[in-house]
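Q: Could you have a look at this structure, given as structure tokens, before my questions?
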Amino acid sequence: MNSMAYVHTLSGKANDSFKGRQAVIVTEDSGDQTVVKLLKTEIGLEVIKTIPNRNFSDMYSSVKLPMQYRSREKLKKLAQNAMVETNSSIGIATTIYIGKNSVAPFLDIHAESLVFLDDKLNLELFERSNTGQSTSKSGNSEKRAAKKYQNLFKRLAFRLKQVCPECSMPGWGITFEIQGLKCSECRLATKEVQSHIWSCTVCRHSEEIKRPDGLTYADPKHCYSCSH
Ligand SMILES: [Zn+2]
Ligand SMILES: [Zn+2]
């Protein structure tokens, strides 16, 4: 995969699949109108209703699956119910997970995830914010949480604008990160991202595409052996 394909997919022809269509959002942050405006300006989607999502953490809590899979199934269910209720062919459901990191339980994690369903185009997209340390103790935590939440919608809108190079369906986007960018000093693999897997959820086509910033080596400060 060369970088030209990346440029091509980013500047591909405008995709009008969502223009003027109606959607419903189920969210824990139902006061946030920014995302409603964003969906309208970016892809022309009209959000007709925002439903508060309050019981999310109680649902399915006994299901023994990693957190991201559990939330995906729950979110799908919530979006589907809301679509039936409002007679919309597009449903979006989001949640914010605040809990303990299973690998490092002394760290709090704060992760947002989102499911997008489109019955008409048969699309199902899942987006998840990078898990970071909880910002609950810092003064600006609310602002930062709102920012992360909005970024999740920005990523969704971006992805819905991209079309698959194989089948031309919208929703072409990053589904996996490959770490291992080599350190510029010692050339050992670091945990920094070296490339992304872009995929289409409709035809399953996928491609490995280099980082968009063109970085080919990692800063030694991100290298385990150089920084220890
Ligand atoms: Zn495709
Ligand atoms: Zn190094």
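Q: So for region 137-151 (the condition being open to solvent by less than 80 Å² (accessible area, probe 1.4 Å), closer than 17 Å to residue 17 by Cβ and not aliphatic (A, V, I, L, M)), does at least one residue qualify?
A: No, that holds for no residue.
Q: Show the residue pairs that are 6+ apart or on different chains and have beta-carbon atoms under 9 Å apart, the first residue being within region 20-49 and within 21 Å of residue 143 (Cα to Cα), the second being open to solvent by 30 Å² or more (accessible area, probe 1.4 Å) and part of a loop (DSSP other than H, G, I, E, B).
A: 28/54; 35/29
Q: How about region 139-190: which of its residues are of a type in the set (Lys, Arg) and more than 15 Å from residue 209 (Cβ to Cβ)?
A: 143, 144, 147, 148, 154, 155, 161, 182, 187
Q: Any chance you could count how many residues in region 204-228 are within 16 Å of ligand 1 (Cβ to nearest atom) and at positive phi?
A: So the answer is 1.
Q: Please enumerate the residues belonging to region 170-228 that are in contact (Cβ under 8 Å) with a residue 60 or more places away in the chain and open to solvent by 70 Å² or more (accessible area, probe 1.4 Å).
A: Passing the criteria: 208, 210, 212.
The values are calculated or read from the model by the stated rules, or taken from the named source; none is laboratory data. Quick caveat: nothing in here was measured; it's all calculated off a predicted structure. Quick reminder, even Gly has a Cβ in these numbers, built from the backbone with ideal geometry, and neighbours come from all protein chains shown. Protein only, heavy atoms only, side chains kept; ligands, DNA and RNA dropped before computing areas. Shrake-Rupley method; radii C 1.70, N 1.55, O 1.52, S 1.80 Å.
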